[in-house]
């Protein structure tokens, strides 16, 4: 799981062009949006697309569910590990 | 966090904006670019043609006012911003719009002009002869009736009306129109007192000491 968290951190940094950040700078338990990393709704869409491409996970349109999956790197790793269709 | 959204064109445009805005931070802003971030649109259209999913970030930034909007967000400034594209007359259109704002009583207006070489596969639409390069410039405009005033007029006809016996040689330096306008503006009193810019059935006439 740690490995997947690290992978997702790299994906976040690359996808969102966070040029000043390294994977170790991201706290896997910290909020990704608004607080913490300070990402916004466009980032959420971009990240959703990247997760879909990399892991074949499909995000539902249920925003409550998505909010939970996107809460932190750790939550994303949990979501990806249970829903991935690509390795 | 804003910088990651901005590509080369936006970065040079905003660099010019920040530098010029220092002297009048309250001045409303006109962003003007003939082609804007056309490379982004080409990329999105290419992805669309391949039935690939489009990047939401790129899509949101592909509109002509995206660079100005990011500047507004980054400065936390909700005042007047405009985005202009008017082909070869882009600078003239921006200055005309600025004159409108000045006539409305705004003391100063910032105009930002920026462009990049036209990307493939659209490069044959470019009218400059190979002298294109990414560039941006910005200036603050204020209304003036003094000796340093500049005049911009638009006249019908493809010939210089007042000197038909000596038509000006066509400009062959290959610079984009906005840089020819900049050259007129920055050469000051030492330069030509007039620059005519024919576009279609119009002649834009830039004058000083008029």
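The values are calculated or read from the model by the stated rules, or taken from the named source; none is laboratory data. Quantities reported herein were computed from a predicted structural model and do not represent experimental measurements. Glycine gets a Cβ as well: all are built from the backbone with ideal geometry, and neighbour counts include every protein chain shown.
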Checking B:118, B:106, B:111 in turn, the sole residue that is outside any helix (DSSP H, G or I), under 15 Å from the mean Cα position of the chain (by Cα), over 18 Å from residue B:199 (Cα atoms) and at pLDDT 95 or above turns out to be B:111
Report, ordered by the first and then the second residue, all pairs with beta carbons closer than 6 Å, sequence separation of six or more or different chains, a first member in the range B:183-197 that is on the phi < 0 side of the Ramachandran plot and assigned to a helix (DSSP H, G or I), and a second member that is at pLDDT 90 or above and buried (at least 17 other Cβ atoms within 10 Å of the Cβ).
B:184/B:195; B:184/B:206
Please state which of the following conditions residue A:26 fails to meet, knowing it meets all the rest: (1) under 22 Å from residue B:59 (Cβ atoms); (2) touching a helix residue (DSSP H, G or I) at 6+ places or on another chain (Cβ under 6 Å).
(1)
Filter the range A:26-65 down to the residues that are surrounded by fewer than 13 Cβ atoms within 10 Å (Cβ to Cβ) and more than 14 Å from chain B (Cβ to nearest Cβ), then identify the one that is nearest to residue A:9 (Cα to Cα).
A:29
Filtered residues of the range B:122-131 (kept if farther than 16 Å from residue B:91 by Cα and either surrounded by 10 or more Cβ atoms within 10 Å (Cβ to Cβ) or within 20 Å of the chain's Cα centre (by Cα) (or both))
B:122, B:123, B:125, B:126, B:129, B:130, B:131
Restrict the check to the range A:52-64 and report whether at least one residue is under 11 Å from the mean Cα position of the chain (by Cα) and either touching a residue at least 60 places away in the same chain (Cβ under 8 Å) or in a loop (DSSP other than H, G, I, E, B) (or both).
no
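Conditions tested, residue by residue: (1) touching a residue at least 60 places away in the same chain (Cβ under 8 Å); (2) within 14 Å of chain A (Cβ to nearest Cβ); (3) under 18 Å from residue B:94 (Cα atoms).
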{"residue": "B:7", "(1), (2), (3)": "no, yes, no"}
{"residue": "B:11", "(1), (2), (3)": "no, yes, no"}
{"residue": "B:17", "(1), (2), (3)": "yes, no, yes"}
{"residue": "B:46", "(1), (2), (3)": "no, no, no"}
{"residue": "B:53", "(1), (2), (3)": "no, yes, no"}
{"residue": "B:61", "(1), (2), (3)": "no, yes, no"}
{"residue": "B:65", "(1), (2), (3)": "no, no, yes"}
Expected single match for outside any helix (DSSP H, G or I), on the phi > 0 side of the Ramachandran plot and either away from chain A (no Cβ under 14 Å) or surrounded by fewer than 19 Cβ atoms within 10 Å (Cβ to Cβ) (or both) among B:82, B:36 is B:36
